[in-house]
Amino acid sequence: MTTVNTEKLSSARFAQATDAFVEEFTASVGFDQRMARQDIQGSLAHAAMLNKIGILSEQELADIQRGLAQIGGEIERGEFVWSIKQEDVHMNIEARLTDLIGIAGKKLHTGRSRNDQVATDIRLYMRDEIDTILVQLRRLQMALLELAEQEADTIMPGFTHLQVAQPVTFGHHLMAWFEMLCRDQERLRDCQKRINIMPLGAAALAGTSYPIDRFMTAELLGFSRPSYNSLDSVSDRDFAIEFAAAGSLIMMHLSRFSEELVLWASAQFDFIDIPDAFCTGSSIMPQKKNPDVPELVRGKSGRVTGHLVGLLMLMKSQPLAYNKDNQEDKEPLFDTADTLINCLRAFADMMPHVKAKRENMYHSAKRGFATATDLADYLVRKGMAFRDAHEVVGLAVRLGLETQRDLSELSLEELQGFAPSIAVDVFDILKLEGSVAARNHIGGTAPEQVRKAIAAARLLMGD
């Protein structure tokens, strides 16, 4: 006599129960239950559409709405009992709905598959997560603008190859970070456009014979439009890879910020003070103040980049259409979103309290002949070819190295020995303040330009 496995909603085809290990190995409910709100949201829209085309009666629709509302409350209160036997968030909710309202619960799945259902849930979930990420990103941007405004006149060395190059201001440096975040913001918003396409209605892979209204469902769920190809709809994960790529760039930027903060907080630089609330001490060395938040953010950039590579490898050899491999997309996506939100929040909380050690920054900028390029430009304005000016300044720098003096500390007579056209006004541009102020063009280091950039940024952000 043939026995039928009836423990699962999708078990009738099987004569044997699923092996206990395989059941646990293939289940995703342990992590995809975090999409429960989006799953209920999608089911409510699908039910409304089924009612419109005559599949569900008014009473059945009302029962489904009531049952899903109760399930949503149970989940929110932590009362919902998740079962690994039902494999995933979708089947758990459907099974509970059927327990609550009977036959109407079984009708809800008409015209859809778990393939298009999960693809829809992921897009709804990611849409919500990106909104949260953008809020934290904006908080960090605003914190940078505030600090940049305070430090628009604070002179510090600008570096190339981690060697003193030219003087800049701390405010100008912070606005460079701000520009990176602006690009991150644009990428996320652009990514949302491709996320906001609705796959629901593609069913398993070939659509459905029911006269569904996909435009209605898309409108109810806030999607810009339904997808155009059912095969691609259920198997596309480009949007997930794109999100991970955008997230990797954000984390790369935060890692670069972190590296500079760690360097600047060290005794060797001593440019800034990171507040105690964002640092920890040593278990053995009582004097230590470790910049743990930026260090940890720098480290977490690797896991997000790893998720991007993992998703690319997940998809690279998959034939159309849906494959079980795609169950592996959720954990890296969830972790990417969590990591981004937490790291951005930590930075947004920390940056308003970072203090610049202005005197240390200023004295560091005086080392390394930071105004050498200004002297070369000065000679060019006096009529000398730039390559010749470059050579002359190199000789002046050599004298400074030999006598352990900055260019501004050389006498006029010494400078004229290298180029007779040099006059007393040269000392205006050899001073750090004169060097910074001279680059008074859009995008330049002059404090006036830094403040204009901040004002333009505030206007752009609607602040």
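The values are calculated or read from the model by the stated rules, or taken from the named source; none is laboratory data. Values in this document were obtained by computation on a predicted structure and should not be read as measured data. All Cβ positions, even for glycine, are placed from backbone atoms using ideal geometry, and neighbour counts span all protein chains on display. Please note that ligands, DNA and RNA were not included when accessible areas were found on the heavy atoms of the full protein model with its side chains. Shrake-Rupley method; radii C 1.70, N 1.55, O 1.52, S 1.80 Å.
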**Fill in**
Output ordering of 301-310, 191-200 (per-residue mean of other Cβ within 10 Å, highest first) is 191-200, 301-310
**Item:** Computed E for L296/F21 - FRET, C-beta separation, R0 51 angstrom, nearest 0.05
**Value:** 0.90
**Asked** Local charge sum around T339 (other residues, Cβ-Cβ under 10 Å, Lys/Arg +1, Asp/Glu -1)?
**Response** 0
**Asked** How long are the three semi-axes of the equivalent ellipsoid of region 219-348, in whole Å, if each is the root of 5 times an eigenvalue of the C-alpha gyration tensor, listed from largest down?
**Response** 40, 15, 12
**Complete:** Per the helix-only model, the chain has a calculated mean residue ellipticity at 222 nm (DSSP H runs of ≥4, -39500 (n - 2.57) each, divided over all residues, rounded to the nearest 500) of -20000 deg cm²/dmol
**Asked** Round to a whole number: what % of the accessible area of the chain belongs to carbon and sulfur, probe 1.4 Å?
**Response** 54 percent
**Message:** Give me the Å³ per residue figure for the convex hull around the C-alpha atoms of region 385-434.
**Reply:** 78 Å³
**Prompt:** Which values, in whole Å and largest first, are the semi-axes of the equivalent ellipsoid of the chain obtained as the square root of 5 times each eigenvalue of the Cα gyration tensor?
**Reply:** 62, 22, 19
**Asked** What angle do you read, to the nearest 10 degrees and between 0 and 90, between the alpha-carbon axis of helix 58-77 and the longest principal axis of the chain?
**Response** 50 degrees
**Asked** What are the lysines whose alpha-carbon lies under 28 Å from the alpha-carbon of K366, with same-chain residues fewer than 8 places away excluded?
**Response** K289, K355, K357, K382, K431, K452
**Prompt:** What percent of all Cα-Cα pairs in region 110-215 falls in each 10 Å bin, counting up from 0?
**Reply:** 13, 27, 20, 16, 11, 9, 4
**Prompt:** Quick one: net charge of G67's neighbours, Cβ under 11 Å, K/R +1, D/E -1?
**Reply:** -3
**Asked** Taking a probe of 1.4 Å, how large is the accessible area per residue of region 244-377, in Å²?
**Response** 47 Å²
**Percent of beta bridges antiparallel (DSSP, the chain, rounded to nearest 5)** = 80 percent
**Request:** Compute the separation of the alpha-carbon centres of region 337-372 and region 103-161 and state it in Å as a whole number.
**Result:** 24 Å
**Prompt:** Can you give the percent of C-alpha pairs in region 119-171 whose distance is more than 18 Å?
**Reply:** 58 percent
**Prompt:** Between region 270-307 and region 176-230, how many Å separate their Cα centres?
**Reply:** 38 Å
**Item:** Debye log10 I(q)/I(0) for region 314-360, one point scatterer per Cα, at q = 0.13, 0.22, 0.24 Å⁻¹
**Value:** -0.54, -0.83, -0.88
**Item:** Shape category assigned to region 68-112 from the gyration tensor of Cα positions, a/c cut at 1.5
**Value:** oblate
**Request:** With only alpha-carbon atoms counted, please give the Rg and Dmax of region 1-153, in Å.
**Result:** 20.7, 87
**Fill in**
Descending packing, highest mean Cβ count within 10 Å first, for 273-279, 369-375 is 369-375, 273-279
